[in-house]
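This report concerns only the one structure given below.
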Amino acid sequence: MPLYRYIDDFTIGDTYKLIRNITQVPDEALITDAYWTVKAELTDPDESALFQIHINIATSDNGVILGYADGSWSLQFTVTPEDSLLMDSAKTYYYDVHVNLNNGEKYKLENGKLFTDQNVTQVH
């Protein structure tokens, strides 16, 4: 069952890093890629997401997946200022985090609510 969490330190127009650590995956499989999807409404399809960050084991501007010798993993998602331009300040959004494994299995690790801060400066 996925965790239900709250993100309450998200500021529109800033770089934001979401890091999630995983102690193990089923059957010692490997995580190949992961997605962090943020939507205006819980029932919105992924295609209507405000942003979706996709990461894999190759480092990119969006983050990286790191695997360790003890079988644990770290998902490191990076939101750029441009990713959040469609969001409004002081609003609640919905998100989920999914992973895909090398054996074809897919898992939702987490879902929850994301609260944006009140904007006091203009985004340039």
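No lab work stands behind these numbers, since they all come straight from the coordinates. The model shown is predicted, which means the values in this text are computed figures rather than measured ones. We place every Cβ from the backbone using ideal geometry, glycine too, and count neighbours over all the protein chains shown.
In the chain, a dipole from Cβ-located charges (positive for Lys and Arg, negative for Asp and Glu) runs towards its positive end, and of LEU66, PHE115, GLY104 it is PHE115 whose Cα lies farthest in that direction. Using a cutoff of 8 angstrom between alpha carbon atoms and counting only pairs six or more residues apart, the relative contact order for the stretch 3-116 works out to 38 percent.
Note on the chain: GNM, Cα springs under 10 Å; of VAL25, VAL99, VAL64, the largest mean-square fluctuation is that of VAL25. Note on the chain: with a GNM built from Cα contacts shorter than 10 Å, the maximum mean-square fluctuation among ASN100, ASN21, ASN56 falls on ASN21. The simple spin-label model puts a point 7 Å past each Cα toward its Cβ; for TYR4 and THR32 those points are separated by 3.2 nm.
Loop-located GluC sites (Glu not before Pro) in the stretch 43-123 (DSSP state other than H, G, I, E, B) with a sparse environment of at most 14 neighbouring Cβ atoms within 10 Å: GLU105.
Comparing GLY104, GLY67, GLY13 in a Gaussian network model of the chain (Cα springs below 10 Å), the most mobile by mean-square fluctuation is GLY104.
Using 0.36 nm per residue and subtracting the Cα-Cα separation, the extra length available between HIS54 and THR80 on full extension is 8.1 nm. Seen from a random direction on average, the alpha-carbon convex hull of the chain projects onto 7.9 square nanometres. Expressed as a fraction of 2.2 N^0.38 Å, the value expected for a compact globular protein of N residues, the C-alpha radius of gyration of the stretch 18-81 is 1.23. Amide H to amide H distances under 5 Å link ASP33 with ASN100, where only residues 5 or more positions off or on other chains count and H is placed in the peptide plane.
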